[in-house]
There are 2 protein chains.
Amino acid sequence: MKIVVVGGTGIIGKKVVERLSAHHEVIAVGRTNGQHNVDVTDPASIRSMFAKIGHFDALISTVGDVHFAPLSEMGDAEFRVGLNNKLMGQVNLVLIGREYIRDNGSFTLTSGMVSGEEPIRGGASIAMVHAALEGFVKAAALELPRGVRMNIVAMTIVEETMSKALKEFPALADAFSGYEPVLTSRVALAFQKSVEGIQNGRVYRVWGSN
Amino acid sequence: MKIVVVGGTGIIGKKVVERLSAHHEVIAVGRTNGQHNVDVTDPASIRSMFAKIGHFDALISTVGDVHFAPLSEMGDAEFRVGLNNKLMGQVNLVLIGREYIRDNGSFTLTSGMVSGEEPIRGGASIAMVHAALEGFVKAAALELPRGVRMNIVAMTIVEETMSKALKEFPALADAFSGYEPVLTSRVALAFQKSVEGIQNGRVYRVWGSN
C-alpha cells in the first residue's frame, strides 16, 4: 500500500512510519520537514500536497494543535485554535483527500483520551476538539463511497511527551498527574490495525490503566 | 430564579419557557423576536444581550444551526456553519455569560442524539457539533468557579419537528426514518432537572426507544 502519514516527523508519527515501512511504501509529511510539507490549517496547502503525492491507499494523520489553558483564561479566540487546526485541519485532509484515495482505502485520524470522558485541568478546548473528531469519524465513515473506511485513534499522553512536559511544560505534566502514559509503540499498533484491518467508524482507545 | 432562555421562541424553547414560568422569572430571547434579541454567531450581540438583561441565575440555550447534507456535498465551508453557529454560539453564551451569572447558577446547553452514537444520513456535521458540545460541557463544567454548574440536553427529533419535516423537508424526515420522536414536554423536563437540580457536567439524553 501507498500510505501518507501527515505528522510523520513528530513523536507519534515517526513510530507509525517506522512500523508501517516494513511492509508498505510510506510517505512522511511534516509542517516544515519530511518528504512533503503541509500546513493543515490552509486547504490550498493540503490540495498542493495531494497534487504532489497523487493517489494513495491510506492516509494517517497524527497532527493538530489545540490551545491548552485554564478555562478562566479562554475566550472565543483560544477555542478557535483547536477548531481551525486539530479539528478542521484533519477533517480537511479527509474532505480533500477523498479525491485522491483509491477504492477500499482508509483514513485514520487522531484524537485523545481527553474528550469528555477524562477531562484534565486546562483541557476544555482539547475535550471539545477530540469529541468533535470522534463524532465526525463515527458519522462520516458511514457515508464514504467506494469501500473507503475511516477510523480514529484516541490516545492518552505518551511516555516521550510526558518526559518532555516534565522538563519544558510543567502545567501539562501537572494536568496529567496520575494518568498512566503509554508507549508510542502501542499507539503505532492502533494505526496499523486501522489501515490493515476491515473496521470502519471505530474509535481505537490507547489508554493506560487510568 | 431569573432564567434566560436563548431560543425561547422556538419549538423547544417555548415549551421550556412555559414549564419554568410557573415558578421562576423567565426571559425568552429569540433571533428576531422574544423579549430580547441575539445573534449567537456574533460575540458583540451576545455582550449586548447580557448587558441589557443583567445578572441572572440560569441560562438555557436551545439554539443553533448546523448544515445538513450528504457528506459528498460538504466541504470546509459547510462544516463551518455548525462550528460558528450551534457550537461556538452556545460556547460563547457561556464564556461571556460567566461575567453575569450569579453564584451557584447554571448553564444548560443543547446537543442531540445525532452525535456519533446514532449517525443519520447527512448528519456528519451535526454529529461533529453535538459531540463537540458534549466534550466541552463535560470538561469545562469542572473548571467553572463560584459553584456555577453546566449540563447539556441531548435530544432526539421531537414530534413537532418531525411533523414539520414530513411536509417541508423530506430529506430530514427520511434521515430519521424509524427513529422514535419524543414530546417537547419530555425535553422541557430535562432542562428543569438541570436548572433546579445539583448535577454538573452531565449529558441528559431525551431519546426514544431507538
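Where a number appears in this text, it was derived from the coordinates with a stated rule and is not lab data. Only a predicted model underlies this, so the values are computations on that prediction, with no experimental measurement involved. All Cβ positions, even for glycine, are placed from backbone atoms using ideal geometry, and neighbour counts span all protein chains on display.
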Value at 222 nm in deg cm²/dmol, rounded to 500, when DSSP H runs of n ≥ 4 in chain B each add -39,500 (n - 2.57):
-12000 deg cm²/dmol
Only helices at least 20 Å long along their axis, Cα-based, and averaging -0.5 or more on Kyte-Doolittle count here, so list those DSSP H runs from chain A.
A:124-140
Rg(Cα)/(2.2 N^0.38 Å) for region A:99-170, N = residue count:
1.38
Eigenvalues of the alpha-carbon gyration tensor of region A:17-95, times 5 and square-rooted, give semi-axes in Å, largest first, of 28, 14, 10
Mind putting a number on the dipole of region B:75-120 about its Cα centre? Charges go on the C-beta only, +1 for Lys and Arg and -1 for Asp and Glu, and I need it in Debye to the nearest 20.
200 debye
Rank B:Met150, B:Met74, B:Asn85 by how far each Cα sits towards the positive end of the charge dipole of region B:66-167 (+1 on Lys, Arg Cβ; -1 on Asp, Glu Cβ) and give me just the farthest.
B:Met150
Would you mind putting A:126-132, A:101-107 in packing order, based on average other-beta-carbon counts within 10 Å, highest first?
A:126-132, A:101-107
One decimal, nm, nearest first: from A:Arg31 to the same residue in each other copy, label points 7 Å out along Cα→Cβ, the values are 3.7
Rg/Rh for chain A, where both radii come from Cα atoms and Rh is the Kirkwood radius
0.95
Under a no-solvent Debye model with one identical scatterer per Cα of region A:40-160, what's log10 I(q)/I(0) at q = 0.17, 0.20 Å⁻¹?
-0.85, -1.08
Could you count how many Lys pairs in region A:86-210 have their Cα atoms under 24 Å apart, skipping same-chain pairs fewer than 8 positions apart?
4
Is there a simple number for the mean count of other chain Cβ atoms within 10 Å of the Cβ of residues in A:78-89, and what is it?
3
In debye to the nearest 20, the charge dipole size for the protein assembly as shown, taken about the Cα centre with +1 at each Lys and Arg Cβ and -1 at each Asp and Glu Cβ, equals 200 debye
At 7 angstrom along the Cα-to-beta-carbon line, where would the label on B:Asp103 sit relative to the other copies? Give the distances in nm, shortest first.
6.8
What do you get when you divide the Cα radius of gyration of region A:33-75 by 2.2 N^0.38 Å, with N the number of residues?
1.63
Rounded to the nearest 20 Debye, what is the dipole magnitude of region B:60-210 about its Cα centre when Lys and Arg each give +1 and Asp and Glu each give -1 at the C-beta?
500 debye
Relative contact order for chain A, counting Cα pairs under 8 Å that sit 6 or more residues apart, in percent
20 percent
For an R0 of 41 angstrom, estimate the FRET efficiency from the Cβ-Cβ distance between B:Glu25 and A:Ala77 and round to the nearest 0.05.
0.75
If you build the convex hull over the alpha carbons only and average its shadow over all orientations, what do you get for the protein assembly as shown? Give it in nm² to one decimal.
19.8 nm²
Taking a label point 7 Å out from Cα toward Cβ, give me the nm distances from B:Ile198 to the same spot in the other copies, shortest first, one decimal.
5.2
Alpha-carbon radius of gyration plus Dmax, which is the widest Cα pair, for region A:111-210 in Å:
14.7, 47
Quick check on packing: order A:173-185, B:134-146 by the mean number of other C-beta atoms within 10 Å, highest mean leading.
B:134-146, A:173-185
